[in-house]
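Take a look at the structure set out below.
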Amino acid sequence: MKNLLLFIALVSFSFASAQITTNAGTFNKPGEGETAFEFQFMPNLDGTAMFADRATVMMRKFKSDSRAVRWSASLNVADTGEEGSDMTYDFSLGYGIENHLAGAERLSTYWGYGGAISYADMGGDSDGALGVGAGVFIGADYYIMPKAYIGIEMGYGLSVASGDDITAWGLSGGVNGMMRVGFRL
């Protein structure tokens, strides 16, 4: 039975990966005037909850074939569930510029830079913290269908946050561990 399921999965993957042709040819990368929307979530790869508490939505507007402006909004909510504990949350808004490279027919690679402003409430007697950040990133989108993609992004950034008479800063980098799924209009 397991072998049969494995065979069906492999055949399904083969058909899904086959070349898809549209009236405009095969896959075409985003061009001037197009808009793309993206959602990020954490897939269940290690036994954790299927979706993380963090929700991110991004919109990209392509100003030319090689340049896009992006806006993002992110909300992170956490609650331990313990009696008397406070819920914590943070909210951020971001803006950035993407420079798209030649890549391949299904692969759209890019680099860029951006900034964000955020507010976090850590519960308890905390007054909350206001933060700003800036960073650089590189990424890739792989088109699994003519106008739908999955992607990955790596970045390095500087952030400064101030709250409760404390100012903290951080320099960090890493891979965006969230699954990125997007579509173009």
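Just so you know, all these numbers are worked out from the coordinates, no wet-lab data involved. Remember, it's a predicted structure, so these values are computed and weren't measured experimentally. Cβ atoms come from the backbone with ideal geometry, glycine included; neighbour counts cover every protein chain shown.
In summary, the convex hull built on the alpha carbon positions of the range 30-184 has an orientation-averaged projected area of 10.0 nm². Farthest toward the positive end of the dipole of the range 96-185, out of Ala102, Thr167, Gly151, is the Cα of Ala102, where the dipole comes from beta carbon charges about the Cα centre.
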